[in-house]
Amino acid sequence: MNKQINNFLYSTEKSLVEDFCEILEFYENPWGSIQFMTEFNYQRGKTDIVAINKEKEIIAFEVKLEKWRVALHQAYKNTSFAHFSYVVLPDAVAHRAKCYPYEFLKRSVGLCTFDGRKIKIIFSAMPQKPIQPWLRYIAESKVMERYNNGAKSRSIFNR
């Protein structure tokens, strides 16, 4: 697992996503036991991580190394199909983003930090009723398909 040491950032977004997913799968995290996949492609974009919790709610995660405003815009688009949408940033970058709580609040998007070992929610995402239920169904189906076919979440990475 890569680690963020002091204020050094991950060198690639992919490595940040991989480590974040490792925590989601194997360690305690704020959402409990979830099933997930990476790179959910849909007409308006590509979501870094899509997860389903035990209540069958969709949680979308946009992961960025530095461009938190871009991630916020993408996370807002994800509310079209997700019940909860989060921006995930390294600690140093999240420190800047958390100075703008209204930007997250008005979009009902949450903010998380990740230091390579622990996920911390800075702003909780507000629950949403997906306005495109058909897309929510596709996202759920894609995640469930991975698990129903016996795939482990680690196998979704192209290594």
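The values are calculated or read from the model by the stated rules, or taken from the named source; none is laboratory data. Keep in mind it's a predicted model, so treat the numbers as computed, not measured. Heads up, the Cβs are rebuilt from the backbone with ideal geometry, glycines too, and the neighbour counts pull from every protein chain shown.
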How many residues does region 108-127 hold that are crowded, with 19+ Cβ neighbours inside 10 Å, of a type outside the set (A, V, I, L, M, F, W, C) and over 20 Å from Ser15 (Cα atoms)? 1
Identify all residues within region 64-81 that are farther than 17 Å from Ile121 by Cβ, in a helix (DSSP H, G or I) and either in contact with a Cys (Cβ under 8 Å, 6 or more places away or on another chain) or not basic (Lys, Arg) (or both); write none if there are none. Val70, His73, Gln74, Tyr76
Determine, yes or no, whether Asn53 is surrounded by 16 or more Cβ atoms within 10 Å (Cβ to Cβ) and of a type outside the set (A, V, I, L, M, F, W, C). yes
Cβ pairs under 6 Å, 6+ apart, first in region 97-108 and within 20 Å of Val63 (Cβ to Cβ), second of a type outside the set (A, V, I, L, M) and assigned to a helix (DSSP H, G or I): Ala97/Trp68; Arg107/Tyr76
Condition test on Val93, is it within 24 Å of Ser15 (Cβ to Cβ), free of Cβ contacts under 8 Å to residues at least 24 places away in the same chain, among the hydrophobic types (A, V, I, L, M, F, W, C) and surrounded by fewer than 22 Cβ atoms within 10 Å (Cβ to Cβ)? no
Checking Lys46 against (1) free of Cβ contacts under 8 Å to residues at least 60 places away in the same chain; (2) of a type in the set (D, E, K, R); (3) part of a loop (DSSP other than H, G, I, E, B), only one condition comes out false. Which one? (3)
Residue among Phe40, Phe84, Phe61 that is closer than 18 Å to Met126 by Cα and touching a helix residue (DSSP H, G or I) at 6+ places or on another chain (Cβ under 8 Å): Phe61
All but one of (1) out of contact with any helix residue (DSSP H, G or I) (no Cβ under 9 Å at 6 or more places or on another chain); (2) under 30 Å from Asn148 (Cβ atoms); (3) touching a residue at least 40 places away in the same chain (Cβ under 8 Å) hold for Asn53, so report the exception by its number. (3)
Of (1) more than 20 Å from Ser15 (Cβ to Cβ); (2) touching a strand residue (DSSP E or B) at 6+ places or on another chain (Cβ under 7 Å), Tyr100 satisfies every one except (2)
Which condition number does Ser85 fail, the rest of (1) in contact with a Gly (Cβ under 9 Å, 6 or more places away or on another chain); (2) assigned to a helix (DSSP H, G or I); (3) of a type outside the set (A, V, I, L, M, F, W, C) being met? (2)
Mind listing whichever residues of region 28-43 are hydrophobic (A, V, I, L, M, F, W, C) and free of Cβ contacts under 8 Å to residues at least 40 places away in the same chain? Trp31, Ile34
Within region 133-146, is there a residue that is closer than 24 Å to Tyr27 by Cβ, modelled with pLDDT of 90 or more and not in a helix (DSSP H, G or I)? no
